[in-house]
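The values are calculated or read from the model by the stated rules, or taken from the named source; none is laboratory data. Predicted, not measured: the structure shown is a model, and the values here were computed from it. Cβ atoms come from the backbone with ideal geometry, glycine included; neighbour counts cover every protein chain shown. When the accessible area is computed, the model is the full protein with side chains, heavy atoms only, and any ligands, DNA or RNA have been set aside. Shrake-Rupley method; radii C 1.70, N 1.55, O 1.52, S 1.80 Å.
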Amino acid sequence: MLLYDVAAASAALGATTSRLAKREILVDLLGRTPPDDIEVVVAYLSGELRQRRTGVGWATLGTLPEPADAASLTVAEVDTDFEHLSRLAGSGSVASRAGAVRRLFARATAPEQRMLRGLVSGDLRQGALDAAMLDALAAASGVPLAAVRRAAMLRGSTGPVAVAALTEGAVAVEAFGLTVGQPVRPMLAASAPDVDAALEKAGLPASLDVKLDGIRIQVHQSGAEVHIFTRSLDEITARLPEVCAVARSLARESLILDGEVMTLDHDGRPRPFQETASRTATLVGPDAAMAAPGVLAPFFFDVLHVDGVDLIDLPLAERLRRLDEVVPAGHRIARLATDEPHAARRFFAEAVSAGQEGVVVKALAAPYDAGRRGSAWVKVKPRHTLDLVVLAVEWGSGRRQGWLSNIHLGARDPQTGGFVMLGKTFKGMTDEMLAWQTGRFLDLEESRAGHVVRLRPVQVVEIAFDGLQRSTRYPGGLALRFARVVRYRGDKTAAEADTIETVRGLAAPS
């Protein structure tokens, strides 16, 4: 298949906000895609390359050759070129990569160049991400959406499921299951402003987990072999020997565990989040290179598989019973099972007093709904926080002269694939953070207007705020009150930022 056909579909997706129209565009292209190209086409129209890292930076994309007059590139050729780029390393690789990128883009027409730039930069603005693709796959293949969605969650990727659905149908899709060593998309938590609101969503009785300020991990163990994955399904096994040792010490035939890892000092007290993030290489920020003198320790809150038996469809209450059998108390996250709201509120207060982030309220009857963010898990923090995307930044003045300071904050809009601005802030920034973000944001620069530098919307930042207020200044109708930076999130992509619907849900009724 020609890349031009995919680029045309991508442009059409970006030109409409209609969910039905997007599905029709995707269904039409999927129906014309040869079997050998399905996995690549699905990845591109989901807004990503199959290669997680290519080494191609924004500087390389800033000086590209003139576009070709006629379409000649095939999808397979492009995928092969990016695979080659991802494997370049060592002396001379920078020059080799730049030359390969120029040769690839020289063969691409203008629409193809736009799509390729968006794929490389993670900024393909077409409003057709994974959820829309799953919907279209179900429609194109005739396989029930629930089956397609479940298979993609268990496989951790949509591409292989798309190949099965479009070439073999429902039987092949339903064959996807848990596989030790193959990461599962993690179950996600919704947010609530307080414990009572969380209990209303999850229901009683409920289980409350202490929410640690660590890094989400998924641990797969089969005999002596251990694999550890992040919430974004990147493998980080080699960076966590302490966690591998704990997994092997459990002496099970096979396990899949869900949990958090955090750095502790030699007295067992938690170290700052930045130290854990630097050890797991998920941090993007001024503390990325800081030393982490403590010990990494895992704490588990769920188990999906034990000794050849899948537990993912069992109620949480049963999974927790099995977790207690498998993992010693010293490596389990503290929790409370209760049907009393006052006990839940007290548990939350105790967790916060102990310096933890808050709690996660969980429905005891719920299965593990991989990759979904529903009402079965609801997180509660003592302050309001959102993961937003930096859309632009302003040059500072006075003491901050010469630094990029005041950041413009946006929530993700799944309907359009864009972002809705909610306000600005320069609060909470240390000198180290200002120095780091000046370099980072200059690398992300798209254009300038006076003292404002507009950015590619890829950098996620965690923002604390005191509330929301109605605003006619911003298109979403809401603005953050007293917003301040908590930390930059290197472990999240812009596609994982909080949505404008989440923000509206936190707003008080008019």
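Listed by chain and number, the lysines whose C-alpha is less than 23 Å from the C-alpha of Lys379, apart from same-chain residues fewer than 8 away, are Lys201, Lys211, Lys362, Lys492. Surface exposure of the range 380-433, expressed per residue as accessible area with a 1.4 Å probe, stands at 41 Å². Between the range 433-510 and the range 50-110, the C-alpha centres lie 31 angstrom from each other. Remark: the range 224-366 carries 43 Å² of accessible area per residue (probe radius 1.4 Å; ligands, DNA and RNA excluded). With the full set of protein chains in place, find how many percent of the accessible area of the chain is carbon and sulfur; take the probe as 1.4 Å. Roughly 51 percent, rounded to a whole number.
Computed from the Cβ-Cβ distance with R0 of 35 Å, the FRET efficiency linking Glu77 to Gln415 stands at 0.55. Phi angles across the range 138-143 convert, under the Karplus curve 6.51 cos²θ - 1.76 cosθ + 1.60 with θ = phi - 60°, into 3J(HN,Hα) values of 4, 5, 6, 9, x, 7 Hz, Gly and Pro given as x.
Cα centroids of the range 224-245 and the range 1-24: how far apart, whole angstrom? Distance between centres, Cα-based: 37 Å.
Segment Ser397..Thr16, full-extension length gain: 133.1 nm, with 0.36 nm per residue of separation and the alpha-carbon distance subtracted. Across the range 77-93, rounded Karplus estimates of 3J(HN,Hα) from the backbone phi angles (6.51 cos²θ - 1.76 cosθ + 1.60, θ = phi - 60°) give 5, 5, 4, 5, 5, 5, 5, 4, 4, 5, 9, 6, 7, x, 4, x, 5 Hz, Gly and Pro being marked x. The stretch between Asp196 and Ser471 holds 96.2 nm of extra length on full extension. This uses 0.36 nm per residue minus the Cα-Cα distance. Of all aspartates and glutamates in the structure, the ones whose alpha carbon falls short of 17 Å from that of Lys424, not counting any fewer than 8 places away in one chain, are Asp387, Glu394, Glu462, Asp466, Asp498. Across the protein chains, with a 1.4 Å probe defining accessible surface, the residues Ser249, Ser278 rank Ser249, Ser278 from largest area downward. Using the average count of surrounding beta-carbon atoms within 10 Å as a protection proxy, the listed peptides 23-30, 335-342, 387-394 rank, highest first, as 387-394, 23-30, 335-342. The simple Förster model, with R0 at 22 Å and r as the Cβ-Cβ distance, assigns Ala329 and Asp265 a FRET efficiency of 0.60. Give, as ranges by residue number, the residues of the range 64-89 whose backbone N falls under 16 Å from the point 7 Å along Cα→Cβ of Asp36. Within reach of a label on Asp36, which here means backbone N under 16 Å from a point 7 Å along Cα→Cβ, the range 64-89 contributes 73-81.
Full extension of the chain segment joining Ser254 with Ser93 gains 54.0 nm, where the gain is 0.36 nm per residue of separation less the Cα-Cα distance. Work out the FRET efficiency for Asp307 and Ala365 from their Cβ-Cβ distance, taking R0 = 35 Å, and round it to the nearest 0.05. The calculated FRET efficiency here is 0.90. Let a ≥ b ≥ c be the square roots of the eigenvalues of the Cα gyration tensor of the range 135-277; is it rounded (a/c under 1.5), or, if not, prolate (a/b larger than b/c) or oblate? Oblate shape, in that a/c is at least 1.5 and b/c is the bigger or equal ratio. Beta bridges from DSSP with both residues in the chain: antiparallel share about 90 percent, rounded to the nearest 5. In a reduced charge model with +1 at each Lys and Arg Cβ and -1 at each Asp and Glu Cβ, the chain shows a dipole moment near 1400 debye about its Cα centre.
Relative to one another, the C-alpha centroids of the range 128-150 and the range 339-367 are positioned 35 Å apart. Taking amide hydrogens as placed 1.01 Å from N in the peptide plane, the amide H of Ala71 sits under 5 Å from that of no residue at least 5 positions away in sequence or on another chain. Only helical runs count toward this figure. For the chain, summing -39,500 (n - 2.57) over DSSP H runs of n ≥ 4 and dividing by all residues gives -10500 deg cm²/dmol at 222 nm.
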